[in-house]
Amino acid sequence: MALGSQPVPRPENQVASNTATIVIISRYNRIVYPHTNQHRPPGFQQMTAEIDLRSDTVTQPTPSMRQAIAEAEVGDAVIDVDPTMERLEALTAKILGKEAAVFMPSGSMTNQIALRVHCDRGSEFLCEADCHIYHYEQGAFAQLSGLVAQTVAGEGGVLQADQLKHLIRPENEHMVRTRLLCLENTHNRWGGRIQPQETVQNICDWAKENGLKRHLDGARLWNASSATGMSPKDLVEPFDSVSVCFSKGLGAPVGSALAGDSSFILEARRARKLFGGGMRQAGIIAAGALHALEQHRDRLQEDHDNAQRLRDGCEACGPLSIRGGRVDTNIVICEVDPHWISADQLAATLDERGVRCLAIDPQAIRFVTHLDVNTSQIESACDIIHAITTQPVASLS
Ligand SMILES: Cc1ncc(COP(=O)(O)O)c(C=O)c1O
């Protein structure tokens, strides 16, 4: 099978490239891409490697990141401090132009703790209907903090102030209290869409004038910054708090941070402990995040260029169309013609041929470019997608 056979170019050394040149066939007769030696049959050399475009979270730590992790200075951050985590928090706060930041295991936790600290139990927040906080976090705001969401569908994930003006509840014992506005930049379910900054500024000005706090889910803020050329600090200036992830485009194994003013972050630290997120020698994971923050922001444009290649490839395929008609950063969402096959069938067929994606809706699949896929793999993926879309349906799985 002629799939992308180039080793993945990594920021440094040969070790990772060598591991990428080995594959085995799984018991489902599917090519798998082992990242450790333990699966390698002796002397088995590869023809190809799997192209994993399910998410930018699938990346392996680079050798120099592993080195930074191995050498991390650590302490017990629950008893007092972990020096590496402290350095990461300070650098994150500085880059985001906020007074303080707190490191947490995941973006879901940073988002949920932001909601909890901004809102009293029994109050509500406004958000875009397709945002991660509402769509993919199990309604944790209700389960854990007693909050309600009021959702509004944006145009391609982008809300306008005019859509929200009548939504703040009057003070009335029948109603919840509206306390917070949440935005997402880039917007995951709208294909990595960048929020236009003028719109963000307008909507946040309106929210502030009306007594609402502003939180940004900036899991992929780094991508928005790279694509627009605006600094992370300028992008998040209109917000009281911002959540950022190190384990997505930046390629760290674990971790997110929540940033805001000092009193907000003090409360967020308390909530992190409450949610079971107190971490002891956290420098082990913070070191990976710190390395990613220092070394990997500058390369994100490569992922965006690869996403454009993928978009061009998909657009050339009859049964596929690009959600919202645009790809701003590293996510490509394809709507699958319902008269052809389902997203699940397409994802399974691609999987069999060595290209991995996620079926995110009954008729939509998602590809995400990242540190561990190169341009020749993207070109191979485009060829495979094209070949599938021109085959008779009966021959597909
Ligand atoms: C926009 C957005 N916010 C938050 C998250 C949650 O991050 P985590 O998986 O670290 O909980 C994700 C995860 O993909 C995301 O895409």
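The values are calculated or read from the model by the stated rules, or taken from the named source; none is laboratory data. The model shown is predicted, which means the values in this text are computed figures rather than measured ones. Cβ sites come from the backbone with ideal geometry, for glycine too, and all protein chains shown count toward neighbours.
Condition check for residue 222 on (1) in contact with an Asp or Glu (Cβ under 9 Å, 6 or more places away or on another chain); (2) aromatic (Phe, Trp, Tyr); (3) assigned to a helix (DSSP H, G or I): one failure, at (1).
When residues in region 168-188 are screened for being within 20 Å of residue 238 (Cα to Cα) and either under 24 Å from the mean Cα position of the chain (by Cα) or not β-branched (Val, Ile, Thr) (or both), 9 of them pass.
Screening residue 321 against (1) over 18 Å from the mean Cα position of the chain (by Cα); (2) touching a residue at least 24 places away in the same chain (Cβ under 8 Å) leaves a single unmet condition, (2).
Considering every residue within region 204-213, establish whether at least one is within 22 Å of the chain's Cα centre (by Cα) and either assigned to a strand (DSSP E or B) or within 16 Å of the ligand (Cβ to nearest atom) (or both). No, region 204-213 has no match at all.
For (1) touching a Ser or Thr at 6+ places or on another chain (Cβ under 8 Å); (2) of a type outside the set (A, V, I, L, M, F, W, C); (3) buried (at least 20 other Cβ atoms within 10 Å of the Cβ); (4) under 18 Å from residue 292 (Cβ atoms), each residue gets a yes or a no:
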| site | (1), (2), (3), (4) |
| --- | --- |
| 164 | no, no, no, no |
| 168 | yes, no, no, no |
| 171 | no, yes, no, no |
| 177 | yes, yes, no, no |
| 186 | yes, yes, yes, yes |
| 204 | no, no, yes, no |
| 214 | yes, yes, yes, no |
| 250 | no, no, yes, yes |
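Hey, can you tell me all the residues within region 254-269 that are within 11 Å of the ligand (Cβ to nearest atom) and outside any strand (DSSP E or B)? Those that are within 11 Å of the ligand (Cβ to nearest atom) and outside any strand (DSSP E or B): 254, 255. Could we say that residue 144 is closer than 16 Å to residue 269 by Cβ and assigned to a helix (DSSP H, G or I) here? Taking the combined requirement at face value, the residue does not satisfy it. For region 125-137, filtered to residues that are within 11 Å of the ligand (Cβ to nearest atom) and part of a loop (DSSP other than H, G, I, E, B), the residue that is farthest from residue 190 (Cα to Cα) is 137. Between 303, 328, 372, the distinction of being in contact with a strand residue (DSSP E or B) (Cβ under 6 Å, 6 or more places away or on another chain), surrounded by 21 or more Cβ atoms within 10 Å (Cβ to Cβ) and acidic (Asp, Glu) belongs to 328 only. The combined condition, being of a type outside the set (Lys, Arg), modelled with pLDDT of 95 or more and assigned by TED's automatic domain parsing to the domain that holds residue 78, is not fulfilled by residue 324. Considering region 2-109, the qualifying helices (runs of 4 or more DSSP H), each wholly inside and each with 3 or more residues that are modelled with pLDDT of 95 or more, assigned by TED's automatic domain parsing to the domain that holds residue 136 and not β-branched (Val, Ile, Thr), run over 63-70, 83-96.
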